[in-house]
Amino acid sequence: MLLLFAALLAPPARALPIDFERTGLAWSSAEVSDAGDGALRTVLDKAGRRDALGCRALCGRIERVWLQLLAVLPPAQSSGLQLHVVRLDDEDAFAVPSGDVLLSENFIQARELDNAQLAFVLAHELSHVLLQHERQTLTAALSLLPRAVPRSVQDVYVELEFNHRLLKALEPVYQQAEFEADETGLQLAALAGFSPDAQLEFLVGQAHEPDRELIVRTHGSAAARLAAARATLPLARRLYESVSP
């Protein structure tokens, strides 16, 4: 992770030699993308039926923050990323393996997110894509299933939908991915010119809310996430200072 940002800070004499195609994971990025984008299609279909596709009041803000984040990524990587904005009260933000990110304008307004907090939310979701967390989780799931039966990506998604014991076993994997996305997102947005301390106000706000009682906890507690993110502030501040006027 640190090597990624060290490379991004290097003099831009040539294209950055960053290989995002990790080895040692089950299936390819393309295979996971093809099978794993169902959640996005479902929400976009719902937004279309409710006439809630696209932004209405915050289009300029959302576009500026998004483009600032993409500007610090290698062109070959940023060209495959796409933001979809909806206006739904029951959605906030998520990313799918293909590089598509969904964001609800209603979520921004309800949480009264400023640009730094919005940058953190979007950079967090981009980090899930860049770090290939979906492939990691699917690989972990595959390793926990009986090995005598060959399984496709879609087979594992079906297991994740109906196999409660498997989901519980994967809680540490899901939670570690969230901690990593917080850390990488904080640094990515810092490189894009957003104050890390201002970004963390998003997690501060979440830490003041009671944790929901869930059968499967895919995220660590808000307090734990805030503490972990605060521990990475020194590096994020240095990155922010390196791009500040």
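The values are calculated or read from the model by the stated rules, or taken from the named source; none is laboratory data. Model, not experiment: these values are computed from the prediction. Methodologically, a virtual Cβ is constructed for each residue, glycine included, from the backbone with ideal geometry; neighbour enumeration extends over all protein chains shown. What goes into the accessible areas is simple: the full protein's heavy atoms, side chains included, and nothing from ligands, DNA or RNA. Shrake-Rupley method; radii C 1.70, N 1.55, O 1.52, S 1.80 Å.
Quick one: is G24 over 20 Å from the mean Cα position of the chain (by Cα), modelled with pLDDT under 85, outside any strand (DSSP E or B) and more than 21 Å from L239 (Cβ to Cβ)? Judged against the criteria, G24 is a match. Output the residues belonging to region 34-81 that are buried (at least 18 other Cβ atoms within 10 Å of the Cβ) and within 24 Å of Y157 (Cα to Cα). Matches in region 34-81: A35, G36, L40, V43, A47, L81.
Taking each residue of region 227-245 that is under 14 Å from F120 (Cβ atoms) and looking for partners that are of a type in the set (D, E) and surrounded by 13 or more Cβ atoms within 10 Å (Cβ to Cβ) with beta-carbon atoms closer than 6 Å, six or more apart or interchain, yields A229/D182; T232/E183. Cβ-Cβ contacts under 7 Å between residues 6 or more apart (or on different chains), taken from a first residue in region 91-114 that is at positive phi to a second residue that is open to solvent by 40 Å² or more (accessible area, probe 1.4 Å), are listed as G99/G80; G99/Q82. Is it true that some residue in region 97-114 is assigned to a loop (DSSP other than H, G, I, E, B), open to solvent by 10 Å² or more (accessible area, probe 1.4 Å) and modelled with pLDDT under 95? Yes - at least one qualifying residue is present in region 97-114. The number of residues in region 79-96 being of a type in the set (A, V, I, L, M, F, W, C) and part of a strand (DSSP E or B) comes to 6. Pairing each residue of region 161-174 that is over 18 Å from H133 (Cα atoms) with any residue that is part of a helix (DSSP H, G or I) and small (G, A, S), provided the two are 6+ apart or on different chains, yields C-beta distances under 9 Å for N163/A141. Kindly evaluate P234 against the criterion of being over 20 Å from H133 (Cα atoms) and assigned to a loop (DSSP other than H, G, I, E, B). Against the criterion (over 20 Å from H133 (Cα atoms) and assigned to a loop (DSSP other than H, G, I, E, B)), P234 does not qualify.
Go through E178, E125 for me and flag whichever is more than 18 Å from L40 (Cβ to Cβ), acidic (D, E) and touching a residue at least 12 places away in the same chain (Cβ under 8 Å).
Of E178, E125, the one residue that is more than 18 Å from L40 (Cβ to Cβ), acidic (D, E) and touching a residue at least 12 places away in the same chain (Cβ under 8 Å) is E178.
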